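Q: Following this message is one structure expressed as structure tokens.
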Amino acid sequence: MNVVGGVSSGVKRVLRAVDEFQQSHAPLAFVYGVVKKFGDDRGSQLAGLIAFYGFLSFFPLMLVVITVTAFLAHGNAHLASQIQSSALSQFPVVGKDLTSNDKALPGNGFGLAVGLVGLVWGALGVTQAVQYAFAEVWHVPYKDRAPYFVRIARGLGLFALLGLGVVVTALLASLGPILGDSFLAGAAGFVAGVVVSIGLYLVVFQLHSPKQCTWRHLLPGAIVAGVGWQALELVGVQLVQHQLKNASQLYGTVAFVLGLISFLAFVAQITLYGIEINSVRVQELWPRSLSAPPYTDADREMLRILARQEVRRAGERIDVAFEDA
């Protein structure tokens, strides 16, 4: 019994020393504060929700893109081939399948109509999930959250913005093949894609963050999310295609779906970490304790914020007290 107690005491001393070290070093304390808050906000569940609805909206989006592309390239086989081998091939996970034949992409009014209906249906889910994630990460009280039809309007605008961003960054990433597989052009396209991604994330963050947040407040998270998205887009397709290269037809179909869902989950987590970075920075929710109690000031403030978030009616009040205060 004494041996167990001694080991437990030793572990506590080591943990306390590590905790003091991370709290006394600002970069480490900030990183741990972001990771800790991600857990407090149930970030993995929020990312899963976004990935699920993102999966539902992805295929209708592809149908619309293919149909519109076919209309734009009608009568110009060379243009259609260029678009196929460059822009569409850059779409995460499914790009290879979109360009698996050398025929012009089919397009008709019925296909576009079906795609648009499916896209709107799927878009409402993913944009609602994204807005819900923003509200959770910024801990907006339930009574202050936007009503249903306002969320719908914002969601449609958000989805259009995100769809435009995917298309633009894919086109920029394809500069190498378009200009003769030039390494310089490809690198320039990647850098330009990073800049565009950061800009789009910054706009999205500004539209869905508290009004007191300035562009400067939101820039760090946008940079992390934008760079992360471009890096994931760069390596994600090659990784999935490598895994599926020798798969059977049945296994390849299943793995294809799982790969796409995994990719969307990574994108959602990258986005959420970008939001968390801004939230922790603006609200000064760091340093956090590894093993509270004792609580840091940031720990106490986080607990207060989580409690106040539950206010659902005007006039309702929630107070938080600590026994060791």
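Q: Mind checking whether some residue in segment 9-23 is modelled with pLDDT under 80 and either part of a helix (DSSP H, G or I) or touching a His at 6+ places or on another chain (Cβ under 7 Å) (or both)?
A: Yes, the conditions are met somewhere in segment 9-23.
Q: Within the set of pairs 6 or more residues apart or between chains, which connect a residue that is over 12 Å from VAL196 (Cβ atoms) inside segment 222-235 to a residue that is among the small types (Gly, Ala, Ser) and open to solvent by less than 30 Å² (accessible area, probe 1.4 Å) with Cβ atoms less than 6 Å apart?
A: Partner pairs satisfying both residue conditions: VAL224/GLY274; ALA225/GLY274.
Q: If you don't mind, another one. Which of the residues belonging to segment 208-235 are within 16 Å of GLN269 (Cβ to Cβ) and over 15 Å from the mean Cα position of the chain (by Cα)?
A: Hit for segment 208-235 is VAL235, nothing else.
Q: Pick from segment 126-159 the residues that are among the aliphatic types (A, V, I, L, M) and outside any helix (DSSP H, G or I): which of them is surrounded by the most Cβ atoms within 10 Å (Cβ to Cβ)?
A: Restricting to residues being among the aliphatic types (A, V, I, L, M) and outside any helix (DSSP H, G or I), the top hit is VAL140.
Q: Could you tell me how many of the residues in segment 24-45 are open to solvent by less than 70 Å² (accessible area, probe 1.4 Å) and either out of contact with any Asp or Glu (no Cβ under 6 Å at 6 or more places or on another chain) or modelled with pLDDT under 95 (or both)?
A: Of the residues in that region, 9 qualify.
Rundown of residues vs (1) open to solvent by 70 Å² or more (accessible area, probe 1.4 Å); (2) among the hydrophobic types (A, V, I, L, M, F, W, C); (3) at pLDDT 85 or above; (4) closer than 28 Å to VAL282 by Cβ, yes/no style:
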| residue | (1), (2), (3), (4) |
| --- | --- |
| GLN206 | no, no, yes, yes |
| PRO210 | no, no, yes, yes |
| THR214 | no, no, yes, yes |
| TRP229 | no, yes, yes, yes |
| HIS242 | yes, no, no, no |
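The values are calculated or read from the model by the stated rules, or taken from the named source; none is laboratory data. Remember, predicted model here, so these are calculated numbers, not experimental data. Note that we place each Cβ from the backbone using ideal geometry, even for glycine, and neighbour counts take in every protein chain shown. All accessible areas refer to the heavy atoms of the entire protein, side chains included, with ligands and DNA or RNA removed. Shrake-Rupley method; radii C 1.70, N 1.55, O 1.52, S 1.80 Å.
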